[in-house]
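Supplied in C-alpha cells, the structure appears directly below.
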Amino acid sequence: MDADQRRKRKRANHGGTTSALKLILSFRSLTLGIILFLFTLFYFSGSDRSPFRPVLRVSGFTRVLPVLLTQDYFGGGGKSLPLVIESRVLLPDHLLLVLSNRVRRGESLECVYYHQLGDADLLDEMLVKLAISADDYQESKSIVRCELPPVNYSAAVDLRRPGGEVVEGNWMASSRRAANQTADEEISDSVPDWGKVVYEAILDWNTVVVLAKGLNLKPRREVDPAEFRCHFSLSNNLSREESFVFTTEATAAAQEVVRCLLPRSIRKNNTALAEGIRVTVSRVEDSSASPAALPSVAKVYNPKSHGMRGEGEGKYELCACTMLWNQASVLKEWVMYHSWLGVERWFIYDNNSDDGLQDVADELNSRNHNVSRHVWPWIKAQEAGFSHCALRAKYECKWVGFFDVDEFFYFPRHGGQTPLPGQNSLRAMVSNYTDSPTIAEVRTMCHSFGPSGLTEPPKQGVTVGYTCRLQAPERHKSFVRPDLLDMTLLNIVHHFKLREGYKSTNVAEGTAVINHYKYQVWDTFKAKFLRRVSTYVTNWQDDHNKGSKDRAPGLGTEAVEPPDWRLRFCEVWDTGLKDFVLGSFADVGTGLLPWERSSSSSARRRR
C-alpha cells in the first residue's frame, strides 16, 4: 500500500480522531516490536533437544499481522476495538471463541456461519445468529459463546457487530479465502473438539503447566512424565510438527495436567517472555516418529504479572478458591461470613454462569472484600481449574482453602462452655501451622444438611434456614500451603497431593466443622442435575456408578422431586450456626443480616 492509498484510507475512516490515530500507530509499533524481539530471541537461542530450525508454517501468525496493522483500531464508529479471534473450540453444547482483546460488557455480537459447500467461490454464503453471551477472559481477552453450527455449516465461525461487516481481523477467516481452502480443511486444522485439546497453560517459575483434554490418564494417579513433550510456537496452528519452534521435556504428569520445562533460552533470559506463546502437548509413543500433538487453544498465562500485591506487602495469610455455576444468590453470604472469620482474598472461578455473578463480585469489592472473578469456560474440568487456582494463589497466599459456596466453617460450642469464636478465628486456626516444618494441609470434617422441612429458599440465607442434618460427618475440605504442593498438582477436588516430607493434620470435630448445605430445597437442588463440574465425578443423569457417595442417596437418575424431599436427610436438629449468625451478625435495629441489608440496598437503588 503506497502513501497516497494510506492517506485516502485515513480520510475515509470517519470514526478516527487525532488520538485514535496515535493509538493506531502505537498499537502497530508495539506489535512489530514484539514480533521482532521474539524472532530475534528464538533465532539466536538454542533448543533443549536440537538446534533451531527455520519454521516453515507460521503462516497463521504472519497472515494476521497485515490484517491487524490495516484494521481500523476503533471499529464501530470509533467506539469499539476490532474483534480479533485467536482460537475456537467445539464444546458439547456451544462453540467457544477466544478473542485476543476485550469487548464491552453487555455488547451484542453476531456469530457468522459459513456453508460447507466445498466450492471456494461459494464459501461466503452466510448464516447469522446472535451470540449466546460474551465475557472477559484472563486479564486482557474475551470469550464469545455461539450456538453450535447447523448441519452442513463450518465450525470456523466469525463475528460481527449487529449490522456491521464480518470481522476479518483473524487469520483463519482471511487465510481460508486467500488459500481457497475448503471449510472441511479449516475445521480439521483449526477448530478442535473439546474431547481432545490443550485448553490452558500457566507459567510457574521455569516451567509451564499445561492443561489438556484427551490425555486419557486415570484419576488420582500420576504417570511417568517421560511419556510427554511440550511444543512451543508463535503459530496459531500447532497441528503439524513442522510448526514447532521449541520442544521440551515434561517433568510431571497426572490427570489433565502436564508440567514441562520452558525452552532453555527463555529460562536463561526472562521466564516472563513465555507469556502469550502458544503451547501444546504430544505423547511419546515411538521415539522414531514425529510427535502427534494435540490441537491447542492455549497460550502461556503468567500469574505473576496480573493482580499481584504491591512490593513489600507480603502474602495474605488466608485465601479461598471456589468454582461455581449460577450461585450468585449465595455468594454474598459465603464471602461476608468467611471474611469475618479471616479470609482475606477470594478466587472465584466462574464456570459459565449467567445469573449476574460479576455484579455480585463488584458489589462485594465495593464493600472492601477482595474478590476476583476468573472466567473458567471449560466443561467438567474442576480438578484442573483448582490446579490453575493453586498456581495463582501461591504468589499471593500462605494458605488457600478449596471449598464450595454451600459450605460454611463453624466453631461449635459445647454445653455453653466453649467461648464464642471471635473475628479471624479461621485465620488464626490455620496460621498456627504456617511455620510448621511438616504440616502443609489442614483438613476439616463436613456435616451434610438437608431441606429441613423447607419448600422455598430461606430468605435470611442458608446458615439460618437449614437446621437439620445427617448425624455422621462426611468427607472433609482442606486448606493447603500452595507452595508445598506436589509438582503434579494432583488433587481430588478439595485436597491435594503434598510434596514429599509434608503431611496433613485433621481438625478435631469438637474444634471446628463445616456445615455443608448439600441437600437444599428442591428447586435449588435440582439445578445440580444439569451438570457436575468435576471431571471424574459421574453426572447424576448417567446410568452407572449408582452407589457412589457423590450421588444423592435414593434419588435415581432423573430430576423428579420425591414426595418427601423436604423431610429427607434429617437425623439431627442442629441450630448452632444459626444461633451464632443471628447473635453475631444481625443488625440490632432491623434484625437484618449483612447480606440481606446489601440486597435491600441494591433493590432500593434499582427502584
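When segment 346-357 is examined, which residues are found to be within 20 Å of I143 (Cα to Cα) and either of a type outside the set (S, T, N, Q) or modelled with pLDDT of 95 or more (or both)? Can you show your working first?
Of the residues in segment 346-357, the ones within 20 Å of I143 (Cα to Cα) are 347-357.
Result: F347, I348, Y349, D350, D354, D355, G356, L357.
For segment 465-484, which positions are of a type in the set (A, V, I, L, M, F, W, C) and open to solvent by less than 10 Å² (accessible area, probe 1.4 Å)? Break it down into steps so the answer makes sense when it comes.
So the first thing to find is which residues in segment 465-484 are of a type in the set (A, V, I, L, M, F, W, C), and the list is 468, 470, 472, 479-480, 484.
Across segment 465-484, the qualifying residues are C468, F479, V480.
Right, next: Scanning segment 519-535 for residues that are at pLDDT 65 or above and part of a loop (DSSP other than H, G, I, E, B), which turns out surrounded by the most Cβ atoms within 10 Å (Cβ to Cβ)?
Within segment 519-535, the first condition is being at pLDDT 65 or above, and the residues that meet it are 519-531.
Keeping just the survivors that are part of a loop (DSSP other than H, G, I, E, B) gives 519-521, 530-531.
On the way: Y519: 26, Q520: 23, V521: 21, L530: 12, R531: 17.
The qualifying residue surrounded by the most Cβ atoms within 10 Å (Cβ to Cβ) is Y519.
Within the group V335, V360, which residue is part of a helix (DSSP H, G or I) and out of contact with any His (no Cβ under 8 Å at 6 or more places or on another chain)? Talk me through it step by step, then tell me what you get.
On the way: V335 fails: out of contact with any His (no Cβ under 8 Å at 6 or more places or on another chain).
The unique qualifying residue is V360.
In segment 335-349, which residue that is touching a strand residue (DSSP E or B) at 6+ places or on another chain (Cβ under 7 Å) and in contact (Cβ under 8 Å) with a residue 60 or more places away in the chain is surrounded by the most Cβ atoms within 10 Å (Cβ to Cβ)? Working first, answer last.
From segment 335-349, those touching a strand residue (DSSP E or B) at 6+ places or on another chain (Cβ under 7 Å) are 335, 337-338, 341-349; that's our starting set.
In the following step, the residues that additionally are in contact (Cβ under 8 Å) with a residue 60 or more places away in the chain were identified as 337-338, 341-344.
Values: Y337: 23, H338: 22, L341: 21, G342: 19, V343: 27, E344: 18.
Ranking the candidates gives V343 first.
Name the residues in segment 152-168 that are assigned to a loop (DSSP other than H, G, I, E, B), more than 11 Å from M126 (Cα to Cα) and at pLDDT 90 or above, would you? Walk me through it before giving the result.
If we filter segment 152-168 for residues that are assigned to a loop (DSSP other than H, G, I, E, B), which is where we start, we get 152, 154-157, 161-168.
Within this subset, residues satisfying the condition of being more than 11 Å from M126 (Cα to Cα) are 152, 155-156, 161-165, 167-168.
A155, A156, R161, listed by residue number.
Considering only residues that are under 23 Å from the mean Cα position of the chain (by Cα) and not acidic (D, E), which ones fall in segment 133-154? First the steps, then the outcome.
Taking segment 133-154 first, the residues under 23 Å from the mean Cα position of the chain (by Cα) are 133-148.
Those that are under 23 Å from the mean Cα position of the chain (by Cα) and not acidic (D, E): S133, A134, Y137, Q138, S140, K141, S142, I143, V144, R145, C146, L148.
Can you name the residue in segment 353-388 that is among the β-branched types (V, I, T) and touching a residue at least 40 places away in the same chain (Cβ under 8 Å) and, of all such residues, is nearest to V480 (Cα to Cα)?
So the residue we want is V375.
The values are calculated or read from the model by the stated rules, or taken from the named source; none is laboratory data. Note that the coordinates shown come from a computational prediction; the quantities given were computed from them, not determined experimentally. Positions of Cβ are generated from backbone atoms using ideal geometry, with glycine treated the same way; all protein chains shown enter the neighbour counts. Heads up: the accessible areas ignore ligands, DNA and RNA and are worked out on the full protein's heavy atoms, side chains in. Shrake-Rupley method; radii C 1.70, N 1.55, O 1.52, S 1.80 Å.
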